[in-house]
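Notes for the one structure printed next.
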Ligand code: CDP
C-alpha cells in the first residue's frame, strides 16, 4: 500500500510567521516545506510581466505554458518560472500589491492546488504547507492544523525586518495598514477565504520567541504522528 504523506497545515494572517515557522518545523522533522503563497506570487509576477488581463483562465494557462512549478531543492521546494528561480523576485512590492486580486480567481487557485498536491505526493515522508486555505481547502484531512495570529504592529515589525527595511513608527504604521488591507481582502473573498479551520490549533505568536512557536508546532506534530 502507498502511505499517504504526513501533512502539517499552517495558515494565518500576513506576516504572522507562517513561512519561517513552516520552514523551521520542516527542518526539525525532516519534512519538505511547501510555501503556497510563493506560488500565488509567481502567478502574479507572471501576469504582471506578461501584461495579461486579470482573468483566471488566462493566468492559469500562462502558468501552465511557462511553466510555473515547484522545483525540488535540498530542503524543500522553490517556485520556478520557465526554469528560473523566482523565490526572491516574487517578494517584490509590486507583486505584493496585486497578489490578493490574482489569488481570488478560482482558476488560479485550482492551478496552485494541483501543484501543491502533486508536490506533497512526491514527498511520502511528509510536508509542512503554509498559506491561507491549507487546512480548510487544500489538505482538509491534514493531521496537524495550526492557525497563527499576531498583533498587526508585531506582524508589521517582523515584515519590515524580513525585508531589510528600517523599523520606525511611521513605517510600522503604514506596513500594518498594508497587511490589514490584504488580510481583509483575503478574508472576504468568496472562494477559499482566509479563515481558521474548525479543528485548527490557534497560536498567538505576538509575544512568543521564534523558537517557542516552532517548538509548539513540532510538539503537536510529534503527538499527532506518534
Ligand atoms: O508572506 P505573506 O504573509 O506576505 O503572504 P504569502 O503567504 O506570500 O501570500 C501572499 C498572498 O497569496 C496572500 O495575501 C493571499 O492573497 C494569497 N494566498 C492565498 O490566497 N492562499 C494561500 N494558500 C496562500 C496565499
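Being farther than 12 Å from residue 44 by Cβ, part of a loop (DSSP other than H, G, I, E, B) and more than 10 Å from the ligand (Cβ to nearest atom) narrows it down to one residue among 58, 74; which is it?
Exactly one residue qualifies, and that residue is 74.
Identify the residue in the range 18-55 that is under 22 Å from residue 224 (Cα atoms) and assigned to a loop (DSSP other than H, G, I, E, B) and, among all such residues, is farthest from the ligand (Cβ to nearest atom).
30
Exactly one of these conditions fails for residue 221: (1) on the phi > 0 side of the Ramachandran plot; (2) crowded, with 19+ Cβ neighbours inside 10 Å; (3) away from the ligand (no atom under 14 Å from the Cβ). Give me its number.
(1)
I'd like to check something: does the range 138-146 contain any residue that is within 15 Å of residue 19 (Cα to Cα), in contact (Cβ under 8 Å) with a residue 60 or more places away in the chain and surrounded by 13 or more Cβ atoms within 10 Å (Cβ to Cβ)?
So far as the range 138-146 goes, yes, one or more of its residues are within 15 Å of residue 19 (Cα to Cα), in contact (Cβ under 8 Å) with a residue 60 or more places away in the chain and surrounded by 13 or more Cβ atoms within 10 Å (Cβ to Cβ).
Scan the range 163-175 and give yes if some residue there is part of a helix (DSSP H, G or I), buried (at least 16 other Cβ atoms within 10 Å of the Cβ) and more than 13 Å from the ligand (Cβ to nearest atom), otherwise no.
yes
Scan the range 111-136 for residues that are within 28 Å of residue 184 (Cα to Cα) and surrounded by fewer than 17 Cβ atoms within 10 Å (Cβ to Cβ) and report the count.
The qualifying residues number 2.
Quick one: count up the residues across the range 97-135 that are within 19 Å of residue 71 (Cα to Cα) and out of contact with any helix residue (DSSP H, G or I) (no Cβ under 8 Å at 6 or more places or on another chain).
Counting residues in the range 97-135 that are within 19 Å of residue 71 (Cα to Cα) and out of contact with any helix residue (DSSP H, G or I) (no Cβ under 8 Å at 6 or more places or on another chain) gives 9.
Taking only the range 205-226 into account, find how many residues are in contact with a helix residue (DSSP H, G or I) (Cβ under 6 Å, 6 or more places away or on another chain) and in a loop (DSSP other than H, G, I, E, B).
Residues meeting the conditions: 2.
Could you grab the pairs with beta carbons closer than 6 Å, sequence gap of 6+ or different chains, first residue in the range 183-204 and surrounded by 15 or more Cβ atoms within 10 Å (Cβ to Cβ), second one assigned to a loop (DSSP other than H, G, I, E, B)?
183/13; 183/14; 186/132; 186/194; 189/104; 192/133; 194/132
Any idea which of (1) over 15 Å from the mean Cα position of the chain (by Cα); (2) at pLDDT below 95; (3) part of a strand (DSSP E or B) is the one residue 80 doesn't satisfy?
Going through (1) over 15 Å from the mean Cα position of the chain (by Cα); (2) at pLDDT below 95; (3) part of a strand (DSSP E or B) one by one, residue 80 breaks only (2).
Would you point out which residue out of 141, 153 is at negative phi, assigned to a loop (DSSP other than H, G, I, E, B) and over 16 Å from the mean Cα position of the chain (by Cα)? Step through it out loud before you land on a result.
Working: 153 fails: assigned to a loop (DSSP other than H, G, I, E, B).
Going through 141, 153 in turn, just one is at negative phi, assigned to a loop (DSSP other than H, G, I, E, B) and over 16 Å from the mean Cα position of the chain (by Cα): 141.
Can you spot a residue in the range 87-101 that is under 29 Å from residue 28 (Cα atoms), touching a residue at least 40 places away in the same chain (Cβ under 8 Å), more than 12 Å from the ligand (Cβ to nearest atom) and buried (at least 22 other Cβ atoms within 10 Å of the Cβ)?
no
The values are calculated or read from the model by the stated rules, or taken from the named source; none is laboratory data. Everything numeric here is computed off the predicted structure, so don't read it as measured data. Note: ideal-geometry Cβ built from the backbone for every residue, glycine included; neighbour counts use all protein chains shown.
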